[in-house]
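The values are calculated or read from the model by the stated rules, or taken from the named source; none is laboratory data. Values in this document were obtained by computation on a predicted structure and should not be read as measured data. So basically every Cβ, Gly included, is an ideal-geometry build from the backbone, and we count neighbours across all protein chains shown.
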Amino acid sequence: MALYSDKVMDHFQNPRNVGKLDDADGIGEVGNAKCGDIMRMYIKVDDNGVISDCKFNTFGCGSAIATSSMATELIKGKPIEEALKLSNQAVVEALDGLPAHKIHCSVLAEEAVRAAVKDYYDKKGIAYDPDDFQIHDCESCQS
């Protein structure tokens, strides 16, 4: 059995939405000091509160790139409130799984989306519940 699913390999070798949005409405950057992965997520939000475009830059392993790519696919075209509900489990499921020692990459992808949404809310002066933006304790994550 292969260590990585075909979807993980596809998103690693052919990542979607790579790059930077110069006119981003929200930018989120997160990292994991334990493994060295760093993700930056850019979102563009239209007047209806829908994420019309998103891009990412990730410095990290293949799983980090694949989870970033999949996260952008899962939030693009969705209302910002729905993007905020993106879970790392949803990213893992959409990729047909990840090895246990790479789950932390999906956590970073979720947190990068949340950080971009928080930045958008901050820039627009939109009130939010701080509990919606709690960072996971990744001490139990293995690299």
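Residue 33 passes every criterion in (1) without any contact (Cβ under 8 Å) to a residue 12 or more places away in the chain; (2) over 17 Å from residue 104 (Cα atoms) apart from (2).
Taking residue 115 as the residue in question, decide whether it is touching a Gly at 6+ places or on another chain (Cβ under 7 Å) and of a type in the set (A, V, I, L, M, F, W, C). Considered against the rule, which asks whether it is touching a Gly at 6+ places or on another chain (Cβ under 7 Å) and of a type in the set (A, V, I, L, M, F, W, C), residue 115 comes out as yes. Considering each residue of region 104-117 in turn, at least one proves to be buried (at least 20 other Cβ atoms within 10 Å of the Cβ), farther than 24 Å from residue 13 by Cβ, of a type in the set (Lys, Arg) and in contact with an Asp or Glu (Cβ under 9 Å, 6 or more places away or on another chain).
All conditions in (1) assigned to a loop (DSSP other than H, G, I, E, B); (2) over 28 Å from residue 23 (Cα atoms); (3) out of contact with any Cys (no Cβ under 9 Å at 6 or more places or on another chain) hold for residue 127, with the sole exception of (2). Could you grab me the full set of residues in region 46-79 that are over 24 Å from residue 5 (Cβ atoms) and in contact with a strand residue (DSSP E or B) (Cβ under 6 Å, 6 or more places away or on another chain)? Of everything in region 46-79, those that are over 24 Å from residue 5 (Cβ atoms) and in contact with a strand residue (DSSP E or B) (Cβ under 6 Å, 6 or more places away or on another chain) turn out to be 46, 49, 50, 51, 52, 53, 79. For region 1-111, the helices (runs of 4 or more DSSP H) that sit wholly inside it and include 2 or more residues that are small (Gly, Ala, Ser), modelled with pLDDT of 95 or more and at negative phi are 62-75, 88-94. Surrounded by 14 or more Cβ atoms within 10 Å (Cβ to Cβ), touching a residue at least 12 places away in the same chain (Cβ under 8 Å) and among the acidic types (Asp, Glu): is that true of residue 82 in this structure? Taking the combined requirement at face value, the residue does not satisfy it.
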